Amino acid sequence: MRTPLQGGLPPIGAVAGAVVEIACDESGFSGTNLLRSASPVITHASVDLSVDEAIGLITALRAGFRFSPHELKSAQFLRGPGAAEAREWFLGALTGRASVHLVDKEFFLVTRVVDLLLFKPVYAAGTRLTQDQRPPALALYRAGRSAGSEWGVFLGAFVDLVRTKRRQPDPRAVQRFFAARDALLGTGLGTPAAAVLTALDPTHVWAVVTRLDNEDRSIPPPLEPMLPALAETILSWSGGQRRVLVTHDEQSALTADRLTRLQRALADEGSAAADADSAGALPAGVSPLAGLVMVDSRDDPRVQVADLLAGVARRSPGIVDDALLQPLLSPTSLHDPEG
C-alpha cells in the first residue's frame with residue numbers, strides 16, 4: 001500500500017495567463033550529506049512533454065532498443081545492448097523540450113559560505129538572482145580544491161556549523177569553523193580566496209547560526225541544494241514571460257512552507273531574471289512559480305522521462321563537455337565553468 005504523497009504547493013484555482021507545464025525529477029540527491037555522498041553532483045531534469053508524447057518516447061525506447069518495462073532506469077539503460085545508440089537517440093529526441101540543471105555539491109557548499117556568512121541571507125540564494133556573489137565563491141572554490149586536507153576540514157566544519165538539529169547555538173561549532181578557516185588560510189590560497197575567508201566575521205556568523213537554530217524559516221535551508229535547483233529550473237522555463245506549473249516526483253526537500261517562501265522570493269526578485277520592460281513580461285509581483293504538484297513517478301510517464309534524463313546526465317563522464325548533453329544543460333548550472 002502506497003503512503004500518501006508529502007509536500008508540494010498545488011495552485012489555487014486555474015492558472016491565468018501564459019503558462020508552461022513541466023515535469024521534473026532529480027538524480028544524485030543525498031539530503032544534507034553533501035561531502036560524503038556517492039555522487040559528487042545532483043542533476044535536476046525537466047521536460048515539457050505531454051503525457052502522450054512521453055508515452056510515445058518510452059514506447060519507442062522499448063521497441064527500438066529492446067528495453068523491458070523494468071529496465072527504464074539510467075543505470076540499466078546505459079549498460080543495455082546498444083546503449084550508446086539509445087543514449088544518442090534519447091538525448092536527441094529531447095532537444096528543445098528538456099533541460100538539465102547541474103549542481104556540484106562541493107561548489108554548492110562554497111556558495112552557502114558566501115551567501116549566508118558574507119552577505120545577508122536571502123531565500124533566492126543560489127540562483128541567478130544572486131549572481132553578483134558568485135565571483136568570491138568561485139575564487140574560494142578554485143583555490144580551496146588545491147589546498148589539500150585543510151579544504152575538506154573547512155567544508156566539514158561549515159556543514160557542522162549550519163546543521164539545524166541542535167537545541168541551541170553551540171559556541172564550539174563557531175570556534176571549530178574559524179579554527180578551520182585559519183588553518184586553510186595558512187596554506188597560502190592567494191589573495192582573492194584569502195580575502196573571502198578574512199572577511200568572515202564571528203559576530204555575523206554567530207547571528208546567522210542563532211537564527212538557524214531558532215528555526216528562522218526566512219533563511220533558505222543551508223544544506224538543501226534542491227531549492228536553488230528548482231528555482232533555476234523555473235526561471236529558465238519562465239523566461240520572465242510565463243508562469244511555470246511543475247509536476248514533480250515526490251521529494252522530501254520540497255515542503256509546502258519552503259515552496260511558498262520560494263514562490264514569494266521569485267515574485268519579489270524575478271524581474272532580475274528578465275527584461276521587465278519587454279512585451280509580455282510577467283506583471284510585477286507575480287511569481288513565475290504557478291504551483292508544484294507531487295506525483296509518484298510510476299503514475300506519470302513525463303516524470304519517468306525526466307528521471308531517466310537526470311540519471312543519464314549524472315552518470316555521463318565529463319558531463320559539462322558532453323556534446324550530446326550540451327544542448328540540454330542549463331547555462332546557469334551551479335558548477336565551476338572551467339572545472
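The values are calculated or read from the model by the stated rules, or taken from the named source; none is laboratory data. Model, not experiment: these values are computed from the prediction. Positions of Cβ are backbone-derived with ideal geometry, glycine not excepted, and every protein chain shown enters the neighbour counts. Please note that ligands, DNA and RNA were not included when accessible areas were found on the heavy atoms of the full protein model with its side chains. Shrake-Rupley method; radii C 1.70, N 1.55, O 1.52, S 1.80 Å.
Please get the size of the charge dipole for the chain, origin at its Cα centre, with Cβ charges of +1 on Lys and Arg and -1 on Asp and Glu, quoted in debye to the nearest 20.
The dipole magnitude comes to about 760 debye.
Accessible area per residue of segment 90-216 at 1.4 Å probe, in Å²?
Ligands and nucleic acids excluded, the figure is 42 Å² per residue.
For every other residue with a beta carbon closer than 15 angstrom to the beta carbon of Arg145, add +1 if it is Lys or Arg and -1 if Asp or Glu, then tell me the sum.
-3
Work out from phi, with θ = phi - 60° and the Karplus expression 6.51 cos²θ - 1.76 cosθ + 1.60, the ³J(HN,Hα) of each residue of segment 324-336, listed in order in whole Hz, and give x for Gly and Pro.
For segment 324-336, the Karplus-derived couplings read 6, 7, 3, x, 9, 7, 5, x, 9, 4, 8, 7, 6 Hz, x marking Gly and Pro.
Report the charge-dipole magnitude of segment 143-249 in Debye, nearest 20, computed about the Cα centre from +1 at each Lys and Arg Cβ and -1 at each Asp and Glu Cβ.
So the dipole magnitude of segment 143-249 works out to roughly 140 debye.
What accessible surface, in Å², does a 1.4 Å probe find on Arg142, ignoring ligands, DNA and RNA and rounding to the nearest 10?
90
Once the whole set of protein chains is in place, how much accessible area is left on Thr198, using a 1.4 Å probe, in Å² to the nearest 10?
Accessible area, nearest 10 Å²: 90 Å².
Sorted from largest to smallest, which semi-axis lengths in Å does the alpha carbon gyration tensor of segment 1-61 give for its equivalent ellipsoid, taking the root of 5 times each eigenvalue?
That gives 27, 20, 14 Å for the three semi-axes.
Debye sum, Cα scatterers, segment 187-237, no solvent: what log₁₀ I/I(0) at q = 0.16, 0.18, 0.25, 0.30 1/Å?
-0.75, -0.83, -0.90, -1.01
At a 1.4 Å probe radius, carbon and sulfur cover how many percent of the accessible area of segment 112-265?
Exposed carbon and sulfur together represent 50 percent of the surface.
Rounded, prolate or oblate: which fits segment 113-195, taking a ≥ b ≥ c as square roots of the Cα gyration tensor eigenvalues, rounded meaning a/c under 1.5, else prolate when a/b beats b/c?
Oblate.
Amide H of Val19 versus every other amide H placed in the peptide plane: which residues, excluding those fewer than 5 positions away on the same chain, fall under 5 Å?
Arg243
Need the C-alpha centroid separation for segment 168-237 versus segment 1-62, integer Å.
What the calculation gives is 29 Å, centre to centre.
For the chain, build the charge dipole from Cβ charges (+1 Lys, Arg; -1 Asp, Glu) around the Cα centre, then report which of Ala183, Ala194, Ser316 sits farthest towards its positive end.
Ala183
Using only alpha-carbon positions, what ratio does the radius of gyration of segment 7-114 give when scaled by 2.2 N^0.38 Å?
The reported ratio for this selection is 1.32.
Counting only C-alpha contacts under 8 Å and six or more residues apart, can you give the relative contact order of segment 98-181 as a whole percent?
Relative contact order comes out at 26 percent.
Tell me, what is the percent relative contact order of segment 169-271, built from C-alpha pairs under 8 Å that lie six or more residues apart?
With pairs under 8 Å counted, the relative contact order is 25 percent.
Restricting things to Cα coordinates, could you compute the convex hull volume per residue of segment 86-125 in Å³?
Hull volume over Cα atoms, normalised by residue count, gives 88 Å³.
Suppose we look only past 35 Å in the calculated P(r) of the chain. What percent of the Cα-Cα pairs does that tail hold?
Taking all Cα-Cα pairs of the chain, the fraction more than 35 Å apart is 25 percent.
Mind telling me which of Pro220, Pro327, Pro317 comes out most flexible in a GNM of the chain, alpha-carbon contacts under 10 Å?
Pro317
Rg over Rh of segment 189-339, using C-alpha atoms and the Kirkwood radius, what does it come to?
1.01
Can you give the accessible area of Ile319 in Å² (nearest 10), computed on protein heavy atoms with a 1.4 Å probe?
The accessible area comes out at roughly 20 Å².
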